[in-house]
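Before I ask anything, here is the structure I am working with.
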Amino acid sequence: VAVNEVVLQSLTGFPGFGDPIALYDQLSDRYIVTEFLIKGYNGSVENGMSMMVSQTGDPTGSWYVYKWVIPEDFTLDYPKWAVWSDGIYMHTNNFSQTTGSYQSSYFAVFNKDDMYSGAATFRSIRITQSIGNGYATCPAQLQGSTVPAGGQLFITENNSNQATVIACNTNWTTSTMTQSTAANITLTSFNET
């Protein structure tokens, strides 16, 4: 099998720096590829994410390319992604570009209808995580074609013997996303290291 290596920057035109993620949205038959942008690295003058979405279900065909930029001097590291019926969801851990210290975590959602239609701009919503341990949060990736009620789910570790399931509900009409505790799960105590 022949393998062709492609640098994402050559496809997006944006100076990406790492942590590329590829997803398949089985609800819409689209592919998604992301990479973070870090100000000062690889020629980037912005912090954020570059995102590509396939125009059809054929990943060898054409793609729409987008850039999401934040105003803060944060490196959006360890991005975690998932697709849901109403959007493309992301969680990041944010580190100060001055000190390198952990600052916060973001939940963000991107309007996939805008992106899949090739709109010149796309709607997005970002909130700072307030539930659980933001440093260890992961969005649930939908499996199958039935979307559960209750919103997009994230799971986060609270301590060595508890995890919290967080429900995020997006309202594109009001451009809001809310988070609430959906459940707490007791874990057998463990050592993170």
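The values are calculated or read from the model by the stated rules, or taken from the named source; none is laboratory data. Note that this is a predicted model, so its numbers are computed, not measured. Reconstructed Cβ throughout: ideal geometry from the backbone, glycine too, with neighbour counts over all protein chains shown. Keep in mind that these areas ignore ligands, DNA and RNA; they rest on the heavy atoms of the full protein, side chains included. Shrake-Rupley method; radii C 1.70, N 1.55, O 1.52, S 1.80 Å.
Inside region 122-155, can you point out the residues that are within 15 Å of the chain's Cα centre (by Cα), surrounded by 13 or more Cβ atoms within 10 Å (Cβ to Cβ) and among the polar types (S, T, N, Q)?
Across region 122-155, the qualifying residues are Ser124, Gln129, Thr137, Gln141, Gln152.
Being part of a strand (DSSP E or B) and either of a type in the set (Phe, Trp, Tyr) or without any contact (Cβ under 8 Å) to a residue 24 or more places away in the chain (or both), is that true of even one residue in region 138-147?
no
I've got another one for you. List pairs: first in region 45-70 and without any contact (Cβ under 8 Å) to a residue 40 or more places away in the chain and open to solvent by 30 Å² or more (accessible area, probe 1.4 Å), second in a strand (DSSP E or B) and not aromatic (Phe, Trp, Tyr), Cβ under 6 Å, 6+ apart or cross-chain?
Glu46/Leu37; Glu46/Val69; Val69/Gly48
Would you point out which residue out of Ala108, Ala163, Ala119, Ala167 is free of Cβ contacts under 8 Å to residues at least 24 places away in the same chain, of a type outside the set (D, E, K, R), open to solvent by less than 60 Å² (accessible area, probe 1.4 Å) and part of a strand (DSSP E or B)?
Exactly one of Ala108, Ala163, Ala119, Ala167 is free of Cβ contacts under 8 Å to residues at least 24 places away in the same chain, of a type outside the set (D, E, K, R), open to solvent by less than 60 Å² (accessible area, probe 1.4 Å) and part of a strand (DSSP E or B), namely Ala167.
Okay, next question. List the strands (runs of 3 or more DSSP E) inside region 30-83, counting only whole elements, that have at least 1 residues being touching a His at 6+ places or on another chain (Cβ under 9 Å).
Answer list for region 30-83: 74-83.
Inspect all residues belonging to region 12-25 and state whether any of them is assigned to a strand (DSSP E or B), open to solvent by less than 70 Å² (accessible area, probe 1.4 Å) and farther than 17 Å from Met115 by Cβ.
The answer is yes; a qualifying residue exists.
Of the numbered conditions (1) crowded, with 17+ Cβ neighbours inside 10 Å; (2) free of Cβ contacts under 8 Å to residues at least 60 places away in the same chain, His91 fails exactly one; give the number of that condition.
All conditions pass for His91, except number (2).
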